[in-house]
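Written below as structure tokens is the structure these notes are about.
The values are calculated or read from the model by the stated rules, or taken from the named source; none is laboratory data. Since the structure is predicted, the reported quantities are computational estimates derived from the model, not experimental observations. Neighbour counts run over all protein chains shown; Cβ positions are idealised from the backbone, glycine included.
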Amino acid sequence: MPISTLLTPTITSRAHLHTVSYLVGEDWTQGRSLFGGIQGALGIDALRKSLNITIPLRVAQVTFIGPVAAGTVTIETQILRAGKNVTHAQARILQGDECMCLVIGIF
């Protein structure tokens, strides 16, 4: 599956929280989890697309909590704080009700 196909999400919104879903194939896994770089890329892509963030990414922190399986990956995004020059946002990669990866982006 090419990355251009992978980064085509389905986005739903409610109040301050947005949900983004991606379909990820087995070819993006190592063992039982997605590659770490793809988890970070999905988190940042979800933040940009669901929250309409257009300013440059300055810092990204990715915390791997548990293995993220291939298939439909659900990501909840929200802006933590938006100032005049800086926006802090978070993306939570979920499987079921559990957070498997947390991505913090500072734009």
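The table for this structure:
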read-out: The stretch 22-33 residues that are within 22 Å of Ser50 (Cβ to Cβ) and of a type in the set (A, V, I, L, M, F, W, C), paired with ones that are assigned to a strand (DSSP E or B) and modelled with pLDDT of 90 or more (beta carbon under 6 Å, 6 or more apart); value: Leu23/Thr72; Val24/Val73; Trp28/Leu34
read-out: Test result for Gln39, of a type outside the set (Asp, Glu) and surrounded by fewer than 16 Cβ atoms within 10 Å (Cβ to Cβ); value: no
read-out: Filter result (surrounded by fewer than 20 Cβ atoms within 10 Å (Cβ to Cβ), under 13 Å from Thr19 (Cα atoms) and among the hydrophobic types (A, V, I, L, M, F, W, C)) within the stretch 49-98; value: Ile79, Leu94
